[in-house]
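Remarks on the structure that follows.
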Amino acid sequence: MRFRSTLERRNTVTITSNSAPCTKRRITLRTPGYVDGVSVELPVVVVTGASPGKKLVVVATQHGREVNGPAAVYRALQNLNPEEMTGEIIFFPVANPPCIRMQVQDFPMDRNRALKTGPEHNPMNLNRQWPGDPDGSLPQRIAHAIWNAGLQDADCVLDLHCWGATTTALAWGQQEAEPFVTAFGFPWFQVHDRKAAQPGMLESACAEQGIPCVVCEMTPQNVVAPEMVEHGRRGILNLASHLGILPGSPEHPHPRYQIDQGTAISAVQRLVSSMTATCQSGSGFHAAANPLPPTHESYFDPSMLKMKW
Ligand SMILES: [Zn+2]
């Protein structure tokens, strides 16, 4: 058992140290085995440029209903030519394979969590486990495996999520990450004035290490919304440009709205709780938060799991 664990940890090191120039590699990252023998295998895609440079890490699907993130990663990968790149981008397109397969948010397959982020749900929520624990619960082992494989020396981390349909889409980062939030270019964004979010969130772990982290909620869940996928795809490429990994400058073709932290949170709470008049379609906030009405949504199709990273 110890030997296997050592092997697996050694495998994680190869992700960051053995990439040849001008390559696009798929790697399978495996967590240390659980006490009952269960482990989780995660897809990883490493795109390495022609010469050394900055490192961008993209994490998607910490929660199983949040499928716009991997769709955006898929699109961005189609646009990346390693020969045009300086530096490296590491993608973890499905950080939570068991939960995306079951279309549930958390371990162990908690079907009922809907915006319940209180402490009682935290042990099952992957985004409360960072930077993880190799000897802990399965979510803690996943967080540890990803963190050690690619995040701890990143120049920027992008964490892709999807809120439910009753909330607005939003990208944010803490003050130190403001240039990255701006470069990301999501139409609705926010800069936090507090040092960290809840303990154990990926953005909190990044903040403690001084790593700029951009979080994006690509509303809604369980469906692939092309507008969100396109915003996410462009955002990934924008961050790469901002870091000098890709040539050129970030592109911001849409109007952008910086939303005050307190205003956005209260509006989201109102939307979730009662859909009050101030948030109905056509109101000022709704117009500002959703200037681009959805044109098409396709419900989650399991064949999406066959996408080749
Ligand atoms: Zn999430």
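The values are calculated or read from the model by the stated rules, or taken from the named source; none is laboratory data. These figures come from a predicted structure and were not determined experimentally. Cβ: placed from backbone, ideal geometry, glycine included. Neighbour counts: every protein chain shown.
Here's the yes/no breakdown for (1) crowded, with 22+ Cβ neighbours inside 10 Å; (2) within 14 Å of the ligand (Cβ to nearest atom); (3) touching a residue at least 60 places away in the same chain (Cβ under 8 Å); (4) among the hydroxyl-bearing types (Ser, Thr, Tyr):
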position	(1), (2), (3), (4)
Asp155	no, no, yes, no
Leu160	yes, yes, yes, no
Ala171	yes, yes, yes, no
Glu176	no, no, no, no
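Residue check, Leu80 against (1) surrounded by fewer than 21 Cβ atoms within 10 Å (Cβ to Cβ); (2) aliphatic (A, V, I, L, M); (3) at pLDDT below 95, all met but one. Which one?
Here Leu80 clears every test but (3).
Which of (1) within 14 Å of the ligand (Cβ to nearest atom); (2) modelled with pLDDT of 95 or more; (3) not β-branched (Val, Ile, Thr) does Gly200 not meet, given it meets every other one?
The number of the failed condition is (2).
What's the number of the only condition in (1) out of contact with any helix residue (DSSP H, G or I) (no Cβ under 6 Å at 6 or more places or on another chain); (2) among the aromatic types (Phe, Trp, Tyr); (3) away from the ligand (no atom under 14 Å from the Cβ) that Phe189 fails to meet?
(1)
Take the conditions part of a loop (DSSP other than H, G, I, E, B) and touching a Ser or Thr at 6+ places or on another chain (Cβ under 8 Å) and apply them to Gly248. Does it pass?
In short, yes.
Quick one: in the stretch 119-153, of everything that is buried (at least 19 other Cβ atoms within 10 Å of the Cβ) and assigned to a loop (DSSP other than H, G, I, E, B), which residue is modelled with the lowest pLDDT?
Out of the qualifying residues, it is Asn125.
Quick grid of which residues meet (1) crowded, with 24+ Cβ neighbours inside 10 Å; (2) within 14 Å of the ligand (Cβ to nearest atom):
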site	(1), (2)
Gly64	yes, yes
Phe91	yes, no
Val94	yes, yes
Ile100	yes, yes
Phe107	no, yes
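Could you list, in sequence order, the residues of the stretch 18-42 that are at pLDDT below 85 and either among the hydrophobic types (A, V, I, L, M, F, W, C) or more than 23 Å from the chain's Cα centre (by Cα) (or both)?
Selection gives Asn18, Gly33, Tyr34, Val35, Asp36, Gly37, Val38.
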